[in-house]
Amino acid sequence: MCRLAHLRSRQLHSAFTWRPRFSLPHHNALRCQPRRLGLVFASSSPRRELKGEHTHKKPASTTDQRRDTPGLPPLASLQPLSVLQLQSEDKIQLGILFGTSFVIQLGIGVIIPVLPAYAQSIGLSTTDVGLIVAVPSFASAILNLPTGLLVDMLGRKRPLVYGSLIDGIGCVLTAMSAGLYSMTGARLLMGAGSAVSYTAAEAYMLDVAGKFPAHRGRLMGAMGAVSSLAYVMGPAIGGVMADRGGVAAPFALIGVSIILMVPLFRLLPETRPPTATLSSLRLGPLISEARKNFGVLLTDRNQQSLLVVQASLSTGWSASLTVLPLWAAATWGSSPGDLGAIYSLMALVGFLGSPLGGVLSDSMSPKVAISVGAAACALGFGALPILTDIRALYVSACLIGLGESCLMSGVGAMSADVTAAEQRGVQSALLKQVSDVTFVIMPITLATITTQISFEAAFICTATLMACANGSFLLLAGPRQPKL
């Protein structure tokens, strides 16, 4: 048991008197590392003797109350940097989150290369394919913000369960689609379900990572590594499945897999007890609460800096998915197989870089991880216009993949640091909204720059925007003050 040492100095010499469970004023308390001695020392001035032989009970602080929240084991936040001790409940939570995240991200990787071919196989035009690709993002952009508010009010678990179920059903219906209208409806359902489940899952992960302030970066980095590994495997698996089972097979398999994950989500303990029931929600108070919560986040400089970084990250993704493949094919004659190798290499480097971003976040600060990642991305995109060797392209791709993974780890760690538990759903939704809106704007913008000017101009624009965003982030972000 941790004890307090009460030092009395009545004469010229000093004597130690040990008293268990004695609470001292805050300005007299000096804590040591709990893992080294297991003691908390306190000293008192010789002129001011502490009186009272009986035991005093220390009033519960806000931090103590939050540690008693259901689903959040107490004292986890006191663990030192070098050791991460997980209780059985923590292992279950992280195991389910990591496993299901891998399946979902694998599904995205499987679907991306197959969707255009599937749409064309049922008679859709190139314009229709563009519509089918954009429909889920449209649904997400509409639902992100209200979903974030509901996740904070109704808890994380129910939105995670129902959102995943809707997403899985939409994916299965996509596999059964026979025309534009049926596929559009199915894809809308997928977008709606993923908007709900993604926001709930992000908020849940921030809650879990928030129990371990000294390890937040590592945990978010590990989640990023899982996602990157899934992206490495997804396209190859999707191609094999489409060749052997037809282009609709990947959608059916991923949809069924997501539905089968729903019972696993039901095993998770709730980390944010509901503050309202669905039947008690009213539109007027809901709008008022939304304005309050989003207003608090939008006026916070740390949250503003994260929104800038998220927009920058989405700009880089837009360039990678829109300009990079067209430029590689036009300049180097890269085939679809070559492009697949480039993207797999970027994802593989991301798998290795995500833990690095987590370590930088924990050992130094999330600001360092974000700044290093943004600088690497800007350098990677800025170098593309001056490349003279195909091998240098792979080097730049590695630099971009490394930078993006560090950015994602840093954003996750900083989000857990600067966002209060009761606002993590809203904050996750706000970040996703910025990402979705950027994905609507930047691909069109960069494609227009490419058409009207050149590929090189699009890359320089991307690098400049990411460098400016990094500078803005450094100006906006404040010192690290973790919120439990």
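Bear in mind that the values in this text are calculations on the coordinates, not laboratory data. Values in this document were obtained by computation on a predicted structure and should not be read as measured data. Note: ideal-geometry Cβ built from the backbone for every residue, glycine included; neighbour counts use all protein chains shown.
A few points about this structure:
- Phi-derived couplings, Karplus 6.51 cos²θ - 1.76 cosθ + 1.60 at θ = phi - 60°, listed residue by residue for segment 445-462: 4, 5, 5, 5, 4, 4, 5, 7, 10, 5, 4, 4, 5, 5, 5, 5, 4, 4 Hz, with x used for Gly and Pro.
- Approximating the spin labels as points 7 Å out from Cα along Cα→Cβ, the L474-to-V129 distance works out to 4.2 nm.
- When segment 155-219 is described by a simple charge dipole with +1 on each Lys and Arg Cβ and -1 on each Asp and Glu Cβ, the residue from C171, G185, G155 located farthest towards its positive end is G155.
- Note on S363 and Y181: with the Förster distance fixed at 60 Å, the Cβ-Cβ geometry gives a FRET efficiency of about 0.65.
- Estimated distance in nm for a label pair at R391 and V256, the labels positioned 7 Å out from Cα along Cα-to-Cβ: 4.7
- FRET efficiency for Q120 and Q85, using Cβ-Cβ distance with R0 set to 41 Å, rounded to 0.05: 0.20
- Spin-label pair Q304/Y162, simplified geometry with 7 Å Cα→Cβ offset, distance in nm: 3.6
- Total formal charge among the other residues, if their Cβ is under 13 angstrom from that of R156, Lys/Arg +1 and Asp/Glu -1: 0
- Segment 352-484: equivalent-ellipsoid semi-axes (sqrt of 5 x gyration tensor eigenvalues, Cα, Å): 29, 18, 12
- Within the straight-line cut-off of under 20 Å between alpha carbons, the aspartates and glutamates reachable from K211 are D64, D68, E89, D90, D152, E202, E270, D362, D417, E422, sequence neighbours fewer than 8 places apart in one chain being disregarded.
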